[in-house]
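Step one of this worksheet: look at the structure below.
Read-outs: derived from the displayed coordinates by stated rules, not from any lab. Because the structure is predicted, anything quoted here is derived from the model rather than measured. For neighbour counting, all protein chains shown are included, and Cβ atoms are generated from backbone atoms with ideal geometry for every residue, glycine included.
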Amino acid sequence: PPVVGVLALQGDVREHLAALAAAGAHARPVRRPVELDAVDGLVIPGGESTTISKLVDIFELREPIDKRIAAGMPVYGSCAGMIMLAGEVLDGRPDQRGFAGIEMTVRRNAFGRQVDSFEAPVEVTGVEGGPFHGVFIRAPWVERVGDGVEVLGRVAGGPAADRIVAVRQGNLLATSFHPELTGDRRLHAYFVELVRATA
Ligand code: GLN
């Protein structure tokens, strides 16, 4: 099975490790560059993107992760992880920095103006079996995508209807919601399959 790491600096690391294992991967926490070297793919968890950004520098992981992304390593980011993969962040802290990632503009804490946390169904292109039960916690949404970005999912209804919340560009995948907090392993299975196909 593919070896998939979870960036384990802050956030819901355990939930992603469990979801990846259930989806058939060898799942491992990644805190050091040597641990990054040993994985075929990486998950950036939900949490707090400004904190993760700081810790990435403190743990000297920024350049190694940028390099692996440039070399084609699959990465999946949920929520704060989506923000870390965005080329541009609105309402971010001035000092927060993401990776060389997806050509998109995300707005941090976007839904917060309406509702801090909420749940809504999200249909994801390429994943069969009906909509995801999307769990959104101070989540970003995607305001703009570049030409190379495929929109995989939008909020199905409610005040935030049609907002883009799932995207893919090449081997980079991102969702505003947290499938790792539900028992639904289809998105992790989709990612593990992408890692298997790439490794
Ligand atoms: N609001 C958080 C941030 O800005 C993301 C929240 C989450 O990951 N659940 O990073």
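Determine the sum of side-chain charges near HIS188: Lys and Arg each +1, Asp and Glu each -1, restricted to other residues whose C-beta is under 12 angstrom from that of HIS188.
Overall, the nearby charge balance is -2.
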Self-check item: Student exercise, the chain dipole from Lys, Arg, Asp, Glu Cβ charges, in Debye to nearest 20
Solution: 220 debye
Practice problem: Return the inverse of the average 1/r over all pairs of distinct C-alpha atoms in the chain, which is the Kirkwood hydrodynamic radius, in Å to one decimal. | Solution: 16.3 Å
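Would you calculate a helix-derived [θ] at 222 nm for the chain, using -39,500 (n - 2.57) for each DSSP H run of n ≥ 4 and dividing by the full residue count, to the nearest 500?
That comes out to -7500 deg cm²/dmol.
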Quiz prompt | Length gained when the stretch GLU88-GLU63 is fully extended (0.36 nm per residue, less Cα-Cα span) | solution = 7.2 nm
Quiz prompt | By average C-beta atoms within 10 angstrom, highest first, the peptides 61-73, 79-91 | solution = 79-91, 61-73
Quiz item: Projected onto the charge dipole of the chain (+1 at Lys/Arg Cβ, -1 at Asp/Glu Cβ, origin at the Cα centre), which of LEU55, LEU181, ALA166 gives the Cα projection farthest towards the positive end?
Solution: LEU55
